[in-house]
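The values are calculated or read from the model by the stated rules, or taken from the named source; none is laboratory data. Owing to the predicted nature of the structure, the values given are computational and were not obtained by experimental measurement. Cβ placement follows ideal geometry from the backbone for every residue including glycine, while neighbour counts extend to all protein chains displayed. Side chains are part of the model used for accessible areas, which takes the heavy atoms of the whole protein and leaves out ligands, DNA and RNA. Shrake-Rupley method; radii C 1.70, N 1.55, O 1.52, S 1.80 Å.
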Amino acid sequence: MKTDFKINGIDKHSFSELLNLNERELENHNAKWITADANPGYPCRVSLIEANIGERVLVLPYLHHNADSPYRASGPIFVRENAIEAKLDINEIPEILRERQLSIRAYNKQQIMIHAEILQGSELEPGIRKQLLNHEVEYIHIHNANPGCFNCSVHRA
């Protein structure tokens with residue numbers, strides 16, 4: 001069973017129109033510009049890197065599991081103002097995941113969660129590979145364990 005994987009951030013174009021709205025217009029989308037006041041603390045879901053202290057980030061709701069299943073889910077994400085989409089190599093794990101406690105959630109072809117576990121970021125690579133040994137696992141979502149926020153998705157490479 002193939003266990004090589006590719007981690008994907010969010011496509012910036014899926015909400016690029018929000019990046020040019022003023023504060024009042026953003027309120028209509030439940031979004032808001034904030035300034036990062038800690039590092040780590042504001043992991044960008046597009047670039048998959050931390051925002052620097054003083055950097056503007058857009059916090060907005062995001063439908064991260066747009067599924068026709070009971071597991072349809074959304075939650076808040078951060079996007080750095082000048083984020084460039086992450087282009088990770090096969091089996092590469094971004095730094096924003098290495099130091100956090102994470103929740104990994106494995107889904108099948110029917111978009112039903114079939115496994116979930118909490119692990120330290122330093123254990124992420126073997127955790128992903130273990131899940132991909134299960135032929136029923138179609139993809140994995142990675143969340144920050146404490147706040148529960150979506151980080152990125154994992155697919156077989």
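Give the residues of the range 37-56 that are crowded, with 21+ Cβ neighbours inside 10 Å and of a type in the set (Gly, Ala, Ser), sorted by residue number.
Matches in the range 37-56: Ser47, Ala51.
Yes/no matrix, rows are residues, columns are (1) under 14 Å from the mean Cα position of the chain (by Cα); (2) farther than 27 Å from Val57 by Cβ:
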residue	(1), (2)
Ile93	yes, no
Gln101	yes, no
Ile104	yes, no
Gln110	no, yes
Leu119	no, no
Glu136	no, yes
Tyr139	yes, no
His143	yes, no
His155	yes, no
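Does any residue of the range 57-78 turn out to be open to solvent by 90 Å² or more (accessible area, probe 1.4 Å) and either farther than 19 Å from Cys149 by Cβ or of a type in the set (Gly, Ala, Ser) (or both)? So that I can check it myself, show each step before the final result.
Initially, the range 57-78 is screened for residues open to solvent by 90 Å² or more (accessible area, probe 1.4 Å), giving 66, 68, 70, 72.
Filter once more, so that each one left must be either farther than 19 Å from Cys149 by Cβ or of a type in the set (Gly, Ala, Ser) (or both): 68, 70.
Yes, the range 57-78 has at least one match.
Please tell me if Glu23 is open to solvent by 30 Å² or more (accessible area, probe 1.4 Å), over 23 Å from Ile90 (Cα atoms) and at pLDDT 95 or above.
Numbers: open to solvent by 30 Å² or more (accessible area, probe 1.4 Å): yes; over 23 Å from Ile90 (Cα atoms): yes; at pLDDT 95 or above: no.
The answer is no for Glu23.
Could you identify the single residue in Ile84, Ile96 that is over 16 Å from Gly148 (Cα atoms) and touching a residue at least 12 places away in the same chain (Cβ under 8 Å)?
On the way: Ile96 fails: over 16 Å from Gly148 (Cα atoms).
The conditions single out Ile84.
Output the residues belonging to the range 1-53 that are in a strand (DSSP E or B), among the charged types (D, E, K, R) and in contact with an Asp or Glu (Cβ under 8 Å, 6 or more places away or on another chain). Spell out how you get there, then give the answer.
Of all residues in the range 1-53, those in a strand (DSSP E or B) come to 5-8, 32-35, 43-44, 50.
From what is left, the residues that are among the charged types (D, E, K, R) are 6, 32, 50.
Result: Lys32, Glu50.
What residue, of Leu58, Leu88, is assigned to a strand (DSSP E or B) and either modelled with pLDDT under 95 or among the aliphatic types (A, V, I, L, M) (or both)?
Details: Leu88 fails: assigned to a strand (DSSP E or B).
Result of the check over Leu58, Leu88: Leu58.
Would you point out the residue of the range 98-157, among those that are touching a Gly at 6+ places or on another chain (Cβ under 6 Å) and part of a strand (DSSP E or B), that is farthest from Pro76 (Cα to Cα)? Before you say what the answer is, go through the steps one by one.
Filtering the range 98-157 down to residues touching a Gly at 6+ places or on another chain (Cβ under 6 Å) leaves 98-100, 102, 104, 119, 149-150, 152.
After this cut, where a residue has to be part of a strand (DSSP E or B) as well, the list is 102, 104, 119, 150, 152.
Numbers: Leu102: 16, Ile104: 17, Leu119: 21, Phe150: 8, Cys152: 13 Å.
Among those residues, the one meeting the criterion is Leu119.
Could you please find all residues in the range 112-156 being under 18 Å from Glu50 (Cα atoms), open to solvent by 60 Å² or more (accessible area, probe 1.4 Å) and in contact (Cβ under 8 Å) with a residue 40 or more places away in the chain?
Selection gives Asn146 alone.
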